[in-house]
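This report concerns only the one structure given below.
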Amino acid sequence: MQVAVPVDGTTWTVKGFGLRDRSWGPRSWQAPDHYRWLTMNFGPDAGIAAAVTVQRDGRRLPGGYVFEAGKPASYVRDVEVESEFDGAERLHRALVARLTLSDGTPLEVRGRVLRMVPLRNRRDGVTTRIAEGLTEWRWGDRVGYGWSEYLDHV
């Protein structure tokens, strides 16, 4: 996809791939215990969206899909995320996502955070951090880009 983006009188042409979050509407960022939301774009031929939300009662809600051109989408039935953290705020800097597809096939993707945007939301005495990491992803010999979004209460 290619779009023209005007900024301060200069028009930039951007060509790339992405994922649009269409989860609009009111929400409470304090509702889950934590989540890991991962989007990975590997060009026109492949992409992955995977997430795991852990509820306050400990229930895990994993899901997602894997897209490869010429194949039906594979659904993700389990998501495990191993993270490396940095600094006093313990923001994630690298991660390994281990996915299990609906047919039982394991898949591993490694991520390295290139830039971090830590956001905070405060409600009813609870401070929630949503750490948005612009991430470089490696899936076998593929290299892609996307986001690793971590929600935690601090």
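Before moving on, here are some points about what is shown:
- Residue tally, condition among the small types (Gly, Ala, Ser), in a strand (DSSP E or B) and either open to solvent by 30 Å² or more (accessible area, probe 1.4 Å) or in contact with a Pro (Cβ under 8 Å, 6 or more places away or on another chain) (or both), over region 39-64: 2
- Being among the β-branched types (Val, Ile, Thr) and open to solvent by 90 Å² or more (accessible area, probe 1.4 Å) is a property that Val113 lacks.
- Residues being open to solvent by 70 Å² or more (accessible area, probe 1.4 Å) and either farther than 17 Å from Ala131 by Cβ or aromatic (Phe, Trp, Tyr) (or both) - total across region 65-84: 8
- Test result for Ala51, modelled with pLDDT of 95 or more, over 19 Å from Asp141 (Cα atoms) and of a type in the set (A, V, I, L, M): yes
- Filter result for the condition that a residue is touching a residue at least 12 places away in the same chain (Cβ under 8 Å), in contact with a Ser or Thr (Cβ under 6 Å, 6 or more places away or on another chain) and either open to solvent by 30 Å² or more (accessible area, probe 1.4 Å) or under 24 Å from Gly18 (Cα atoms) (or both), over Thr105, Thr135, Thr127: Thr135
- Criterion violated by Val3 - all others in (1) under 18 Å from the mean Cα position of the chain (by Cα); (2) hydrophobic (A, V, I, L, M, F, W, C); (3) over 22 Å from Arg142 (Cα atoms) satisfied: (1)
The values are calculated or read from the model by the stated rules, or taken from the named source; none is laboratory data. These numbers come from a predicted model, not from an experiment. Here Cβ is always computed from backbone atoms with ideal geometry, including for glycine, and neighbour counts include all displayed protein chains. Keep in mind that these areas ignore ligands, DNA and RNA; they rest on the heavy atoms of the full protein, side chains included. Shrake-Rupley method; radii C 1.70, N 1.55, O 1.52, S 1.80 Å.
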